[in-house]
1. Which residues, counting only those in the stretch 50-107, are of a type in the set (A, V, I, L, M) and either within 17 Å of the chain's Cα centre (by Cα) or in a loop (DSSP other than H, G, I, E, B) (or both)?
2. List the residue pairs whose Cβ atoms are under 9 Å apart, where the first residue sits in the stretch 71-85 and is more than 18 Å from Tyr57 (Cβ to Cβ), the second is among the small types (Gly, Ala, Ser), and the two are 6 or more positions apart or on different chains.
3. So which strands (runs of 3 or more DSSP E) are wholly in the stretch 118-184 and hold at least 1 residues that are within 17 Å of Asn107 (Cβ to Cβ)?
4. Which one of these is at pLDDT below 60, over 21 Å from Thr139 (Cα atoms) and surrounded by fewer than 10 Cβ atoms within 10 Å (Cβ to Cβ): Asn203, Asn234?
5. Conditions first: (1) over 16 Å from Glu186 (Cβ atoms); (2) in contact with a His (Cβ under 8 Å, 6 or more places away or on another chain); (3) open to solvent by less than 30 Å² (accessible area, probe 1.4 Å). Thr125 passes all but one, so which condition is the exception?
6. Given the residues Thr41, Thr49, which is the only one that is among the hydroxyl-bearing types (Ser, Thr, Tyr) and either open to solvent by less than 30 Å² (accessible area, probe 1.4 Å) or at pLDDT 95 or above (or both)?
Amino acid sequence: MSAFLAIVLLSLNVGKSGGAIKPVVTFTPNWGNILYYDNVTLTCDVPSTVPEEPRSYHWYKDTRPIPGDQQRLHIIRSSVEKDRGDYQCQTIGGDISDPVFLDVKENLVILQRPPSAIYEGDPLTLRCHHTRDFNAINTNFYKDDQEIKSSESDSTFHIPNIMMSQSGLYKCTKQIQRIDRSDVQEHSDVSNISQKKKKIPINLFGKILILALQITIFNVAGSCFADLLVFTGNN
């Protein structure tokens with residue numbers, strides 16, 4: 001029993017001292033692709049089980065430092081040349097986040113999708129977004145060139161729990177109303193929507209069992225080796 005308790009305590013200590021928690025860059029609104037002159041706020045989220053404490057943050061774009069030390073990075077009137085790229089953040093003494101790509105387009109219409117990876121079983125919302133310079137009506141969504149939704153006013157397409165069978169090439173169209181009152185059907189770029197399989201997390205009890213098994217195998221191997229040395233010495 002004492003050996004098992006020691007394993008438990010060791011596992012708890014390993015969990016507590018496993019290094020700094022990696023922050024995550026999130027977007028508000030939650031789109032990984034935006035249009036020229038759109039606004040977006042990037043936040044450096046640091047998962048923690050303790051009350052938030054004052055922190056200083058470092059931001060990077062394409063691995064180059066961005067001036068400032070705030071948790072949120074505001075991009076106002078986005079520019080293709082200046083703002084398009086990979087963003088990362090970190091806290092002082094902490095790990096750096098994985099890069100998250102912000103795509104900035106000069107199109108009239110784009111199909112917006114979240115910046116993070118899409119996992120099987122998660123909800124997914126796509127948005128047919130048009131430039132602020134024109135009015136637009138009649139949104140149509142397509143998957144593999146087959147129409148899946150049509151609406152005069154709703155610019156979003158929502159999947160409550162995306163399945164592997166729903167992977168494919170998605171796009172949308174909008175009826176753009178120009179200044180001269182002529183209407184033009186504009187197509188978005190094609191977006192390849194695919195999902196990743198969710199990894200089953202190993203909880204603390206599972207980690208304890210794995211560690212206990214490793215120790216048991218090590219002890220058995222050591223005992224067998226000691227017996228072999230004794231047998232060899234007697235002979």
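1. Listed by number, the residues that qualify are Val50, Ile76, Ile92, Ile96, Val100, Leu102.
2. Arg84/Ser78
3. On the way: elements: 124-130, 135-143, 146-151, 156-159, 168-177.
The qualifying strands (runs of 3 or more DSSP E) are 124-130, 135-143, 168-177.
4. Among Asn203, Asn234, only Asn203 is at pLDDT below 60, over 21 Å from Thr139 (Cα atoms) and surrounded by fewer than 10 Cβ atoms within 10 Å (Cβ to Cβ).
5. (3)
6. Of Thr41, Thr49, the one residue that is among the hydroxyl-bearing types (Ser, Thr, Tyr) and either open to solvent by less than 30 Å² (accessible area, probe 1.4 Å) or at pLDDT 95 or above (or both) is Thr41.
The values are calculated or read from the model by the stated rules, or taken from the named source; none is laboratory data. All values reported here derive from a predicted model rather than from experimental measurement. All Cβ positions, even for glycine, are placed from backbone atoms using ideal geometry, and neighbour counts span all protein chains on display. The protein model used for the area step is the full one, side chains on, heavy atoms only, and it has no ligands, DNA or RNA in it. Shrake-Rupley method; radii C 1.70, N 1.55, O 1.52, S 1.80 Å.
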